[in-house]
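Colleague: Just passing along the structure, written as structure tokens.
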Protein chains: 4
Amino acid sequence: MTFEQYGNWGRWGADDERGTLNLLTPEAVVAAARCVREGRVVSLAMPIRGATSSPAPTTVPHLRGRPLPQHFMSVDGGDYAAGARAIGAGLRMADDALVVTPHGTTTHMDALCHMWSGDELYNGHPAGRVRSYGAQRCGIDKAGPVVARGVLFDVAGLRGVPHLAAADRIGPDELRACLDAAGTELRPGDVAVVRTGWPLTWQEEGPDGYWAGQPGLSADGGRWLAGHDVGMVAADNAAIGGLNERQLADEGLADDLHMILLWRHGVHLAEMLWLEELAGAGRAEFLFVAAPLRIEGGTASPINPIAVL
Amino acid sequence: MTFEQYGNWGRWGADDERGTLNLLTPEAVVAAARCVREGRVVSLAMPIRGATSSPAPTTVPHLRGRPLPQHFMSVDGGDYAAGARAIGAGLRMADDALVVTPHGTTTHMDALCHMWSGDELYNGHPAGRVRSYGAQRCGIDKAGPVVARGVLFDVAGLRGVPHLAAADRIGPDELRACLDAAGTELRPGDVAVVRTGWPLTWQEEGPDGYWAGQPGLSADGGRWLAGHDVGMVAADNAAIGGLNERQLADEGLADDLHMILLWRHGVHLAEMLWLEELAGAGRAEFLFVAAPLRIEGGTASPINPIAVL
Amino acid sequence: MTFEQYGNWGRWGADDERGTLNLLTPEAVVAAARCVREGRVVSLAMPIRGATSSPAPTTVPHLRGRPLPQHFMSVDGGDYAAGARAIGAGLRMADDALVVTPHGTTTHMDALCHMWSGDELYNGHPAGRVRSYGAQRCGIDKAGPVVARGVLFDVAGLRGVPHLAAADRIGPDELRACLDAAGTELRPGDVAVVRTGWPLTWQEEGPDGYWAGQPGLSADGGRWLAGHDVGMVAADNAAIGGLNERQLADEGLADDLHMILLWRHGVHLAEMLWLEELAGAGRAEFLFVAAPLRIEGGTASPINPIAVL
Amino acid sequence: MTFEQYGNWGRWGADDERGTLNLLTPEAVVAAARCVREGRVVSLAMPIRGATSSPAPTTVPHLRGRPLPQHFMSVDGGDYAAGARAIGAGLRMADDALVVTPHGTTTHMDALCHMWSGDELYNGHPAGRVRSYGAQRCGIDKAGPVVARGVLFDVAGLRGVPHLAAADRIGPDELRACLDAAGTELRPGDVAVVRTGWPLTWQEEGPDGYWAGQPGLSADGGRWLAGHDVGMVAADNAAIGGLNERQLADEGLADDLHMILLWRHGVHLAEMLWLEELAGAGRAEFLFVAAPLRIEGGTASPINPIAVL
């Protein structure tokens, strides 16, 4: 008995809408679980900072002009301090609400419906099924949880810099060098976790530093990962590929990273991760878990991805 | 280098705010990962159905009177069908936003600040620090991801019924019987996953059936779990304990399940899980993972908890 | 110098998008102002009740299944009672946010883009310009404020009942009888304010009484008002026309009240007014003012319409 | 019969919570209506621009760091272009939602509960009644509609400049000079409409120009208006008083404009008006109408204030 009976279109994980997450075979999941050696759990998410009557939300890295998360308390301890009555014999409670636009503002996972060209989504699904009611095809509810072997490509670490420069693009040679330096290899279904260090610019230079452009994968870097049948690419930049100072990708359609990975190859993407703690842990292989919220028809979900070392 | 440097109060995982999640020791995490045998991943979440211009949101189980999730598309395939211009050389995109009040409407995890009595939260933290800006103590951002051994207490299965009755309360004997039937035991740090089957009433009888009350743990059942040092209690009902037809707990303050578990013992709670698929899998032990969104000061987070079998 | 310079499409009040509001000529406005005799101001709006952690929002009449208003305080007096610091030398402030879906939940005014048939909005504007970014044609921002002579059609009063029955439909004869009883007449540009008394059922019988259907104008009643060149029709029911118990209009396309008034004749509509206080005032003519928020591309605006007696 | 019967605390217009709006006597309302001579209606509101997947919202003047309005279409013409089915025999509809934080982002009216010092709001109402559920005292629902004689203080016009400089403060002499230049006087209950021209800086210089500080009333200017028993002060700047480049008022508590007007004298305030069109109309006296939404417990309401010339 599954929940889908309730829904008009909420099929969970139809194979032709799951892209490379189909590579997360039972065998791959078992192998991923075996990567757990130390038992240390590292969160790869930035905080969601939504106190709307303060500048707090603006202190978390985000793309310029995007609506920031808003977090509201509908009842809180202040109300009781001011005399609100307890429930029944003395229960007190706090309750809240969140308004969130995941792309560009949070650590999130893209659905396969997030980007396309022409009239078809990934795998030929009609783009016209992505409507105001949500995406009836390739929504984030179709992805399902990601449980896989994670492999860290610590590009900033390889170069010995805190973070790459805005104009840097990461190609196959550098990706290979990361694997060599770590003494590991990439297997089908792995999650490639790419560290540019770019979120550090927000701390060091403020928003203008972060908005000056962004480093990211080159088109060939993206193709190389797709060619290795990765299950997902997860990066600490905002768009997997690089961005110019207008926060746009410079590549043409054929070379756009979202087109290459998400649209053509059905590779799920996770963006705006926080990889500094993971990078300090000295582990290139780990169990990677990211379970997007089951938002029906969602183009993305905020996530709290984890590495279990 | 951690993200906390950005924040004014966003410490992640201060020990005295993490309650029983401190039981998730490295050893326990390693042991939990060893529960993975088949490599099958089961989501324990209900869908988040937020198409606001249709009755879809009302088809997912929820407590009466709570604001349901709202999901909006800020650009979608319909716009392009109607003539919207592509970005640059032909990129098209879908973008969206979610408004969510987790308690009572979604599969979610409670923060330790969610309920208390008097002027102190769990572990003596001052309730007055839970304000409109969010909870500065015991917020969901303090919990961190849950990676633990999960143990299924399939109470409905034990009784051989699709679901318990609204007035049923689950005590220690029945919890023990579940373990015996499954041939397993409960260890410190385990996540106790309790199945009442109650969400099925929404399908069978509609909202009025679901709102007629709810089965749940008895006070002694809750004490028994706390006494076994569980890391978390996760159930498919809405409040861990039972509810009467006014959707309130009948117990006095000393016996209230949230007071016993969340407030006194610091046991995190996850509610409104969907356990039907897990129950059908025939596995009482598994790797349980739930990674709440890092909502600073949040009283809860919607989650997509998973069982890796 | 107008604000439109800022916008890409925010023209305010293009004549062919304003429908019958074009009848609000300077002469008509001057005449309307002369209706002010007593200087009494009566609000015709229901409250917007959005305290989301309480059942308060469910106590205001609304259509079943619609998302109710949510009102959040982002800082409030409770925070200061709990120890929050004042700003500077002692300033304290309260701040808030509102989430609102106007149709079916609030006293609101419909934009001309709210309903249509085929591929064209009112006056031939292409329906495809109503996209996720908002309505580029016939949005509520195009309407402009309504300042007109208001004429009360107190149908419930005429019949001597607190409210009409759900199946009642109001035709030309009854509308004429209201004018006769009040000793007045209808002039081009007037706002026809139609009282059914239906909101009283919420008080008397609760939601189920309100949801049992709704009285409203008959198709001929709508045509009669359109034929008199009214500037707007404003009613205390939810859809100008009547509704059946499934909250749908029973008329065919040719006879649907929104099609007749909004779509064919460009007559703006205001719905879910609270007319009980006005009805008690004994005045059939007054200055009517409703100024919709300038929501660019909005399909409606919550309003607080007023009668100045 | 009034709507208050529904509510637990929604009294409308209790006299001691209405401040100077009590000056809007029937006589004053009748006199205000007589100001209508030309029959021209001018909106004094900026647009609410909330297309969240575009930079449009950032093109409307707002205070830095505030959450901008978000406007979502829950069904629109694009959906039909992409194949969505019509309702019944052919009805099509557009529906939407608005998320708005009025202060600092929209043309809005402040409630008397918006600012205070110590533990009491205006008129001694306890600040502790302003909680997460909304303001039980002095909320915007207590204000009621404003129907009054409006008097334009066109300070920029008097000086012959497009807009004042950020450091300019407007005192009694200049206010008096505005009246003299217009050949009019200020009467009890009038709405003083103060034009600085500052919103033009957004057009001319962009956000940084607007955020460089703001001109406004001096403390003595505020006292002078309060001394004349104005019913409301409405200005095109963001805070009635001036702001420095950190967007804060420089005055001490005794001289703060919100303290003088809102808190001590109960003078309602409206901020962020668009006065350019009105200034061009050459009329210093007019009928002023602003009807705040009846948001129960609200600290403000977005408004579309109008001048009827």
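The values are calculated or read from the model by the stated rules, or taken from the named source; none is laboratory data. All values reported here derive from a predicted model rather than from experimental measurement. Here the Cβ positions follow ideal geometry from the backbone for every residue, glycine too, while neighbour counts run over all protein chains shown. Keep in mind that these areas ignore ligands, DNA and RNA; they rest on the heavy atoms of the full protein, side chains included. Shrake-Rupley method; radii C 1.70, N 1.55, O 1.52, S 1.80 Å.
Colleague: Between the alpha-carbon centers of the range C:247-279 and the range D:270-309, tell me the distance in whole angstrom.
Modeller: The distance from the Cα centre of the range C:247-279 to that of the range D:270-309 comes to 28 Å.
Colleague: Scan around C:F153 for amide H atoms under 5 Å from its own, H built in the peptide plane at 1.01 Å from N, and keep only partners 5 or more places away or cross-chain.
Modeller: So C:F153 has HN proximity to C:V193, C:V194, C:R195.
Colleague: Could I ask something else about it? Taking beta carbons within 10 Å but only from partner chains, what does the mean come to for residues C:97-110? Don't jump to the answer; show the numbers that get you there.
Modeller: Details: counts 15, 11, 13, 7, 9, 4, 7, 1, 0, 3, 2, 0, 0, 2.
What the average comes to for C:97-110 is 5.
Colleague: Using a 1.4 Å probe over the heavy atoms of the protein chains, calculate the carbon and sulfur portion of the accessible area of chain C as a whole percent.
Modeller: Working: 4350 of 9040 Å².
For chain C, the apolar C and S fraction of the accessible surface comes to 48 percent.
Colleague: Quick one: give the max-minus-min coordinate of the C-alpha atoms of the protein assembly as shown along each principal axis, largest first, in Å.
Modeller: 85, 61, 58
Colleague: What FRET efficiency do you get for D:N22 and B:D119 if R0 is 41 Å and r is their Cβ-Cβ distance, rounded to the nearest 0.05?
Modeller: Approximately 0.55, to the nearest 0.05.
Colleague: So if a site counts as exposed when it's one of the GluC sites (Glu not before Pro), its DSSP state isn't H, G, I, E or B, and it has at most 14 other Cβ atoms within 10 Å, what's the longest stretch of chain B without one?
Modeller: For GluC sites (Glu not before Pro) (loop position, at most 14 other Cβ atoms within 10 Å), the longest site-free span of chain B is B:39-184.
Colleague: Further question: Could you work out the local net charge near B:E251, counting Lys and Arg as +1, Asp and Glu as -1, over the other residues with Cβ closer than 13 Å to its Cβ?
Modeller: Details: positive: B:R169, B:R223; negative: B:D220, B:D250, B:D255, B:D256.
Neighbour charge sum, excluding B:E251 itself: -2.
Colleague: Given the rule -39500 (n - 2.57) for each run of at least 4 DSSP H residues, summed and divided by the residues of chain C, what is its mean residue ellipticity at 222 nm, to the nearest 500 deg cm²/dmol?
Modeller: Working: 8 runs with 53 residues, N = 309.
Helix-only estimate at 222 nm: -4000 deg cm²/dmol.
Colleague: Can you pull the mean other chain C-beta count within 10 Å for peptide A:122-129? Could the numbers behind the result be given before it?
Modeller: Details: counts 0, 0, 0, 1, 4, 8, 11, 6.
That works out to 4 on average.
Colleague: Using a ≥ b ≥ c from the Cα gyration tensor of the range D:75-168 (square roots of the eigenvalues), is it rounded, prolate or oblate, where a/c under 1.5 gives rounded and otherwise the larger of a/b and b/c decides, a/b for prolate?
Modeller: On the way: a/c = 2.88, a/b = 1.49, b/c = 1.93.
Oblate is the answer for the range D:75-168, as a/c is 1.5 or above yet b/c matches or exceeds a/b.
Colleague: A further question on this structure: For the range D:245-257, in order, what is each residue's ³J(HN,Hα) by Karplus, 6.51 cos²θ - 1.76 cosθ + 1.60 with θ = phi - 60°, in whole Hz (x at glycine and Pro)?
Modeller: Those phi angles translate into 6, 8, 6, 10, 6, 8, 5, x, 4, 5, 9, 5, 5 Hz.
Colleague: Hey, another quick one. If you keep only loop residues by DSSP, which trypsin sites (Lys or Arg not before Pro) in the range C:200-309 have at most 14 other Cβ atoms within 10 Å of their Cβ?
Modeller: Values: sites: C:R223, C:R246, C:R264, C:R283, C:R294; in loops: C:R246, C:R283, C:R294.
Sites meeting the loop and neighbour criteria: C:R246.
Colleague: Also: Listed highest first by mean packing, meaning other Cβ atoms within 10 Å per residue, what order do A:195-201, A:43-49, A:176-182 come in? Please report the intermediate quantities before stating the final value.
Modeller: Working: A:195-201: 24.6, A:43-49: 26.3, A:176-182: 15.7.
Peptide ranking by packing, descending: A:43-49, A:195-201, A:176-182.
Colleague: Any idea how far the Cα center of the range B:79-150 sits from the one of the range D:104-165, in Å?
Modeller: So the separation of the two Cα centres works out to 32 Å.
Colleague: Separate question: Around B:A219, with a cut-off of 9 angstrom between Cβ atoms, what is the net charge of the other residues, counting Lys and Arg +1 and Asp and Glu -1?
Modeller: Numbers: positive: B:R169, B:R223; negative: B:D220, B:E251, B:D255, B:D256.
Charge balance near B:A219 sits at -2.
Colleague: If you don't mind, there's one more thing I want to ask. What is the dipole size for the range C:164-309, taken about its Cα centre, with +1 at each Lys and Arg Cβ and -1 at each Asp and Glu Cβ, in debye to the nearest 20?
Modeller: Numbers: 9 positive and 22 negative charges, 91 e Å.
Value, rounded to 20: 440 debye.
Colleague: What is the sum of charges around D:L275, taking Lys and Arg as +1, Asp and Glu as -1, for the other residues whose C-beta is under 11 Å from the C-beta of D:L275?
Modeller: Numbers: positive: D:R195; negative: D:D154, D:D236, D:E276, D:E277.
Summing Lys and Arg as +1 and Asp and Glu as -1 gives -3.
Colleague: Give the average, rounded to an integer, of partner chain Cβ atoms located within 10 angstrom of each Cβ in B:53-63.
Modeller: Details: counts 17, 8, 3, 10, 3, 2, 4, 6, 2, 0, 0.
So the per-residue partner count for this stretch is 5.
Colleague: Using all Cα-Cα distances in chain B, what percent lands in each 20 angstrom bin from 0 up to the longest?
Modeller: Per 20 Å bin, starting at 0, the Cα pair percentages come out as 32, 56, 12, 0.
Colleague: Under the Cβ-under-4.7 Å rule, which cysteines of chain D stay unpaired?
Modeller: D:C35, D:C178
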